[in-house]
Every structure is written in structure tokens, then in C-alpha cells.
Amino acid sequence: MNTRFLRILLLGAVLFVQAARGNAAAKPEVYLALTGNRPEMHVGDSVTVRAMVQNAPEIYGVQLLLGVDPDVFEIVDTDLRKGAVQIQPGTFFDPSQCFFVANRTDAKTGTIQYVSTLLNPAPSSQGDGVLASLELRAKTLGSSDVEIREAKFGTREGELILPALTRDPLHLRVLTETQSSNGVRIALLAALGTLTAALAASLVGVRVRMRRARV
């Protein structure tokens, strides 16, 4: 009788563990990506880069470590009232209800550290949104990847969530005027070729219909 009871308990424990593993596997994955409003530019131009979260469960804080080539791009300060160079908090967390543990950049290494958390009694945030944005100014010709070197989320209960990256590092290029002009010429020629082909096809169709009408 005791042996049978122990077997039942053991079977129940095994089923419980399997169910817990199944729930963990089915838990939706959190994604993190960098987006830019212009992949190519000239010296002196600026680009806005946003750190975007997608499919987030209820989270209460974020820790980001980003990087860019400091020889090609300068990180622009978004809050001149403070001593250190700041990046712009996003709207995924309500900035008015946040405590910013870290918001600083290193101009020599091109690294950006950003850590923020909501404060009680603010509700957790979930879904999609902008975590933070930074403005980069092109200093010289060249190219650079903007990388997510580290990213962590935390829940109100203290659970750690590691997001998945949805894409390769954001690649930015600083071009000369000649390179840019050549690109525009190629695009215009391609568009002109498409338009010419469409007009030719249209004229052929008109001629065929005219011949049929005569017959």
C-alpha cells in the first residue's frame, strides 16, 4: 500500500515537472532590435537610432549596453543640462515614473550604458515600444555597426529576462557626395527603364486593339 502510494506521488511529481517545462518552452520570446531612420549619410549629418522591444511580457526595468565606432560617429548629447552625455529615454516605460540608474556614454570607446527601472506603484509595461533612442553625428567617411552588446530585462518580482536579437547589428555608412550622386543616378536610371518598358508595353497594347477594331 505504501509502495503504491509512493509510486503515485513520484508519477505526479514527474508530470508536474514536465508540465512546467512545457509552459516554459511555450513562453513567448522577447525580441530586441535597433532601427535607424537613414542607413547612409554625409559628414555632418545625423541619424536617430532606436532600441525597440517587441513582444515583451510585463517588465519593470531594462539594462542596455550599446556600442558604435567612435572614430566614425559622435554620440550627440540629448540633455545639455547634465554633465555627462545622455541618450533619450523611450516611451515604453513612462519616463515620469522611472528611476535612471545609468545613462552615460564613453566618447573614447563609443559605448552607451543605459539602465532604468519603474518605481512603485507604477504598473509594469508590456508589448512593443521604444526603450531608448540616441542621435549619432557623422564625423568622417567610413562605416560602423551600432551593436547591442548586452541587454537584460527585469520583472517587478525580480525575474531576469534575456531578450533575443531579431536582426544583425545596424550598419551605417558615411558617403562622399560622389558616392551619393552615383547612387541617385543609378536609382533614377532604373526607374526610367521601368517607366520606358511600361510605356512600350502600353503602346503595343493600343496598336493591337486598333488593328482588331479595323478588322
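The values are calculated or read from the model by the stated rules, or taken from the named source; none is laboratory data. Small disclaimer: the values here were computed from a predicted structure and weren't measured. So basically every Cβ, Gly included, is an ideal-geometry build from the backbone, and we count neighbours across all protein chains shown.
Some points to look at:
- Residues located in segment 47-79, provided they are more than 20 Å from D106 (Cβ to Cβ) and part of a loop (DSSP other than H, G, I, E, B): Y60
- Test result for T3, assigned to a helix (DSSP H, G or I), modelled with pLDDT under 90 and either surrounded by 14 or more Cβ atoms within 10 Å (Cβ to Cβ) or of a type in the set (S, T, N, Q) (or both): yes
Residue by residue, here is whether (1) at pLDDT 95 or above; (2) more than 27 Å from G44 (Cα to Cα) holds:
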{"site": "G110", "(1), (2)": "yes, no"}
{"site": "V115", "(1), (2)": "yes, yes"}
{"site": "L131", "(1), (2)": "yes, no"}
{"site": "K139", "(1), (2)": "yes, no"}
{"site": "L188", "(1), (2)": "no, no"}
{"site": "A191", "(1), (2)": "no, yes"}
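- Pick from segment 142-179, criterion at pLDDT below 90 and surrounded by 13 or more Cβ atoms within 10 Å (Cβ to Cβ), ranking: nearest to D71 (Cα to Cα): P169
- Segment 65-106, subset small (G, A, S) and at pLDDT 95 or above, residue farthest from the chain's Cα centre (by Cα): S96
- Taking the criterion of being surrounded by 15 or more Cβ atoms within 10 Å (Cβ to Cβ) and of a type in the set (V, I, T), the residues of segment 36-79 that qualify are V43, V47, V49, V53, I59, V62, V68, V72, I75, V76, T78.
- Close pairs (6 angstrom Cβ cut-off, 6 or more residues apart or separate chains): among the β-branched types (V, I, T) in segment 110-128, outside any loop (DSSP other than H, G, I, E, B) anywhere: T111/G67; I112/L66; I112/T105; V115/Q63; V115/V101; V115/A102; T117/G61; T117/F99
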